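One structure is given below, encoded as structure tokens.
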Amino acid sequence: MKKVGVFVCHCGSNIAHSVDCAKVAETLKDFPNVAFSTDYKYMCSEPGQELIKKAIKEQGLDRVVVCSCSPRMHENTFRNCVAQAGLNPYMFEMANIREQCSWVHPDDMEKATEKAIDLAKMAVSKVCYDEPLEKSYSPVTKRALVVGGGIAGIQTAIDIANNGFVVDIVERTPSIGGKMSQIDKTFPTLDCSACILTPKMVEASSHPNINLITFAEVEKVEGYVGNFDVTIRKKARSVDMSKCTGCGTCWSKCPTKVPSEFELGMSMRKAIYTPFPQAIPNKPVIDREHCLKFTKGICGVCSKVCPAGAIDYTIEDELVTERYGAIVMATGYQLFDASVYGEYGYGRYPDVISGLQFERLINASGPTMGHLLRPSDGKEPKNVVFIKCVGSRDENKGKEYCSRTCCMYTAKQATLVRDKIKDSKVYVFYMDVRTPGKGYEEFYNRTTEKYEANYIRGRVSKITQEGDKLLVHGEDTLLGRPVKVEADMVVLATAMVSNPDAAHLAQLVGFSYDKDGFYTESHPKLAPVETHTAGVFLAGACQGPKDIPDTVAQAGAAAVKVTALLSKDKLETEPSVSVVDQKNCAGCGHCVNICPYRAISLETIQERVNGKTIERKVAHVNSSLCRGCGACTVTCRSSSISLKHFTNKQILAEVDALCLQ
Amino acid sequence: MTLNELQQQGAMATETLEKLSQVEARKCYQCGKCSAGCPVAEYMDIMPRQVMRLVQLGLTDEALKSKAIWLCATCDTCSTRCPRNVDIAHEMETLRILAKRKGIVGEKDIDKFHNVFLDMVKKFGRVYEVGLIVGRNVTTGKLFRDVNYGLPYLSKRKVHLLPEKVKAKDEINRIFAKAEEYALKELKEAENK
């Protein structure tokens, strides 16, 4: 005979307005195994909790049911409460008679009370099969991995490193810096992007706690929070980093020219190169796809001219495995491919360029040394048209979402044109102007007033070429009439989209992403930098389009979360995890595939059958990885997996309580 | 015609308007609060917001042709309520001055009414209602308009048959002379610069 105590909460009037709480408590008194039952106005309050503790001691209760709100709200409160009274905290159940009863049935007290009684009975039936569970602990590796070396990754790494932990940054390209290194000026203050970024790049490279692993990619991730084993592929640089001094002789002598990725194809780089002059590390890599030594087996000039003898064509990709306590994803974004819009002629008309190309054209270190010139004929444009929402807010050809940054960077670019070319005119086609940041609306107002940008509300229908001019066709929806604007250059504010391999990487590390390939935060408001996978955090635009201030803020937040995790000597793990009855398990592996946390693997066991020892495969749950979702238990055909605290027996007892009356 | 060409065409008028009115039309963010509160908006051909849009886009010539600027009663509701502190009513008035000077008057009857009204004030120092009504009806060619109101108004002594004059006629003349001189000077300056 169990001794269950039932405590019905009024939640002020939240529950009591449509549930007769006293009647619930009274009815439950006669239910099997219930030794004590009462109701109270606020069960979570201090006197409410005292009431529970007192009843446990005086009535000798061995398990407790509280009928109140959602377990999300107060499960921990009451678990602590029963633990303080000497019970195992898992000898407790909650019946949600608020969100799932009183709030959804506000007008029918009789039925709502009946339902509350049912919910209470179910909880009592379940609690009878509760067993004491103990939390277990796992160790923590005090080292963090940051994937991505843009401003998000750099800031996260610096913050973690300054908190005293070792961080590795894995960056895919030959240099850290990311998109921010390509941008000319930053809104709303018009700081030079490089001037505020490069000091951070230098800090990251010289910080004793930060290791830069550039030209490398994450290959494999195993393990769990506190102990991720990450395999990193260090791509062959063909340059011995320990010998190279970054003198630049090699790339000045290299005969092979390749369109520069950093300059978005608007100028050439060599086959042995650093992406840009301020690159960190400032040591080159050989682009094996274009290098004559690798394509045709000839040349070898770089090797001959290198004074340090650092060129080594035999270097191969190297795989290294490191253990990390936490991972921060800071993999950034890509820009929408505007050539999808045939009507804008991007890729067809040389003077229709993307916003990022504009940044390079107006940047003092860019292909035109900061003189804004048309790609077609090198003339200075007098009429510049900007088109916003290229790829954003377009369910047909682009993305449904708003890219958040384009309104501001377009306003910034419009002011830069007016600043550099005094007799220029700028036209901005927009659908809405969204300026939700500090100083942003003011910046936009300056763009229209002081810099006299002509904002025209409407999407551009098409761009045609008339001689050496472009004709931009649109509608001024505020006047309700079509307009044509003659332009020397058109700049497309392309949407921020996720990296093409973002989903692949998420699957590799083991966390979720949304339909657009952006990484999903654990809670949009209350856990914006966490993922659903413990120990994996997010920073920057990989989580969704955002600007530099927001990215830096998020990076700082992620760093704090990582630091908090790494500061612990051991991690508590929830005991309500799945366990496999290996005798019964047929080793089909369905659970292995269904598990979203990759907590289940097949292991080989030895068994004696009819006097012979045989080997067979069975499922095994890593309890540190298991998050207790229960997906495996419903998948298992032989009911060999059971989730502690939610056993089949318990679920059936609940069903019986509801149906066998 | 492209927007660039239209702007080029209207550049002179736009510049004159800016100088004369000192209204920063570019500040207008087209929320439409002016049109929403305007008591005569429903009789206008384009909304006050659109007048501002034409002006801020540099299509001033077109704003000058609109009827809306003539229907505006200068009640100032728009200017009082504008969240961007744009003095729309003043812009309307300035547009009327420019339109008249250019000889493009979108609503001739209203212009005639203004003329008769000012004539009365100039002559008598205050409004002479009967004169105003007769003057308007004669100049607009609608002789019997509102005539049925005449007798009741007269019999209840709401209007007087003969004009009343103010004593300080000289001062009135001086005010008019000064105003005309000043307005003309300002206008010329704005046009010449």
### Task
Kindly provide the set of residues from the range A:397-416 that are open to solvent by 10 Å² or more (accessible area, probe 1.4 Å) and small (Gly, Ala, Ser), ordered by number.
A:GLY398
#### Entry: Conditions (1) open to solvent by less than 80 Å² (accessible area, probe 1.4 Å); (2) out of contact with any Leu (no Cβ under 7 Å at 6 or more places or on another chain); (3) not polar (S, T, N, Q): number failed by B:ARG145
(1)
### Message
Which numbered condition in (1) of a type in the set (A, V, I, L, M); (2) touching a residue at least 40 places away in the same chain (Cβ under 8 Å); (3) in a helix (DSSP H, G or I) is the only one that A:ALA22 fails?
### Response
(2)
### Task
Output yes when any residue across the range A:223-232 is in a helix (DSSP H, G or I) and open to solvent by 20 Å² or more (accessible area, probe 1.4 Å), and no when none is.
no
### Message
Restricting to the range A:354-369, count the residues that are in contact with a helix residue (DSSP H, G or I) (Cβ under 7 Å, 6 or more places away or on another chain) and hydrophobic (A, V, I, L, M, F, W, C).
### Response
2
### Matching strands (runs of 3 or more DSSP E) fully within the range A:417-480 where at least 1 residues are open to solvent by less than 30 Å² (accessible area, probe 1.4 Å) and farther than 21 Å from B:ALA25 by Cα
A:462-466, A:469-476
#### Entry: Residues being at pLDDT 95 or above and either within 14 Å of chain B (Cβ to nearest Cβ) or under 19 Å from A:LYS546 (Cβ atoms) (or both) - total across the range A:504-519
9
### Task
For the range A:384-391, state whether one or more residues are in contact (Cβ under 8 Å) with a residue 60 or more places away in the chain, buried (at least 19 other Cβ atoms within 10 Å of the Cβ) and part of a loop (DSSP other than H, G, I, E, B).
yes
### Query
Any chance the range A:366-383 includes a residue that's in contact (Cβ under 8 Å) with a residue 40 or more places away in the chain, under 22 Å from A:GLU475 (Cα atoms) and open to solvent by less than 40 Å² (accessible area, probe 1.4 Å)?
yes
### Message
at pLDDT 95 or above, in contact with a strand residue (DSSP E or B) (Cβ under 6 Å, 6 or more places away or on another chain) and either of a type in the set (S, T, N, Q) or in the same structural domain as A:ALA558 (by TED's automatic domain parsing) (or both): is that true of A:ILE387 in this structure?
### Response
no
### Task
Using the structure shown, decide if B:VAL159 is surrounded by 14 or more Cβ atoms within 10 Å (Cβ to Cβ) and either assigned to a helix (DSSP H, G or I) or not small (Gly, Ala, Ser) (or both).
yes
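Quick grid of which residues meet (1) buried (at least 18 other Cβ atoms within 10 Å of the Cβ); (2) touching a Phe, Trp or Tyr at 6+ places or on another chain (Cβ under 6 Å); (3) touching a residue at least 40 places away in the same chain (Cβ under 8 Å); (4) of a type outside the set (S, T, N, Q):
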| position | (1), (2), (3), (4) |
| --- | --- |
| A:GLN84 | no, no, no, no |
| A:ALA95 | yes, no, no, yes |
| A:SER102 | yes, no, yes, no |
| A:ASP108 | no, no, yes, yes |
### Summary
A:SER138 passes all but one of the listed conditions (1) open to solvent by 20 Å² or more (accessible area, probe 1.4 Å); (2) modelled with pLDDT under 95; (3) not hydrophobic (A, V, I, L, M, F, W, C); the exception is number (1)
### Summary
Restricting attention to the range B:8-28, the residues that are in contact (Cβ under 8 Å) with a residue 60 or more places away in the chain and among the β-branched types (Val, Ile, Thr) number exactly 2
### Task
Identify the residue in the range A:304-328 that is hydroxyl-bearing (Ser, Thr, Tyr) and either in contact (Cβ under 8 Å) with a residue 24 or more places away in the chain or touching a Leu at 6+ places or on another chain (Cβ under 6 Å) (or both) and, among all such residues, is farthest from A:VAL167 (Cα to Cα).
A:TYR313
### Summary
Note on the range B:27-58: residues within 20 Å of A:ASN445 (Cα to Cα), touching a Lys or Arg at 6+ places or on another chain (Cβ under 9 Å) and within 10 Å of chain A (Cβ to nearest Cβ) are B:LYS27, B:CYS28, B:TYR29, B:GLN30, B:GLY32, B:ARG49, B:GLN56
### Query
Residue check: is A:ASP39 without any contact (Cβ under 8 Å) to a residue 12 or more places away in the chain and either within 21 Å of A:ALA116 (Cβ to Cβ) or crowded, with 16+ Cβ neighbours inside 10 Å (or both)?
no
### Query
Hey, any hits in the range A:246-258 for a residue that's part of a strand (DSSP E or B), surrounded by fewer than 19 Cβ atoms within 10 Å (Cβ to Cβ) and touching a residue at least 12 places away in the same chain (Cβ under 8 Å)?
yes
## Note on the structure
Condition set of a type outside the set (Val, Ile, Thr) and not in a helix (DSSP H, G or I), scope the range B:112-135, selection least open to solvent (accessible area, probe 1.4 Å): answer is B:GLY125
### Query
Name the strands (runs of 3 or more DSSP E) wholly within the range A:45-160 that hold at least 3 residues that are of a type in the set (Ser, Thr, Tyr)?
A:136-139
### Query
Quick one: is B:ARG84 in contact (Cβ under 8 Å) with a residue 24 or more places away in the chain, open to solvent by less than 10 Å² (accessible area, probe 1.4 Å), within 14 Å of chain A (Cβ to nearest Cβ) and among the basic types (Lys, Arg)?
no
### Message
Condition first: within 22 Å of A:TYR401 (Cα to Cα) and either within 14 Å of chain B (Cβ to nearest Cβ) or among the acidic types (Asp, Glu) (or both). Can you find one or more residues in the range A:481-491 that meet it?
### Response
no
### Task
Give the residues of the range B:91-106 that are in a loop (DSSP other than H, G, I, E, B) and open to solvent by less than 30 Å² (accessible area, probe 1.4 Å), sorted by residue number.
B:VAL105, B:GLY106
### Residue within the range A:112-134 that is over 30 Å from A:VAL24 (Cβ atoms) and either open to solvent by 20 Å² or more (accessible area, probe 1.4 Å) or not aliphatic (A, V, I, L, M) (or both) present
yes
### Message
Which count do you get for residues in the range A:512-526 that are open to solvent by less than 40 Å² (accessible area, probe 1.4 Å) and more than 11 Å from the chain's Cα centre (by Cα)?
### Response
1
### Residue under evaluation A:GLY342, criteria (1) within 27 Å of A:THR520 (Cα to Cα); (2) of a type outside the set (A, V, I, L, M, F, W, C); (3) open to solvent by 30 Å² or more (accessible area, probe 1.4 Å), criterion not met
(1)
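The values are calculated or read from the model by the stated rules, or taken from the named source; none is laboratory data. Computed from a predicted structure; not experimentally measured. Positions of Cβ are backbone-derived with ideal geometry, glycine not excepted, and every protein chain shown enters the neighbour counts. Remember, those area values only see protein heavy atoms, side chains included, never the ligands or the DNA or RNA. Shrake-Rupley method; radii C 1.70, N 1.55, O 1.52, S 1.80 Å.
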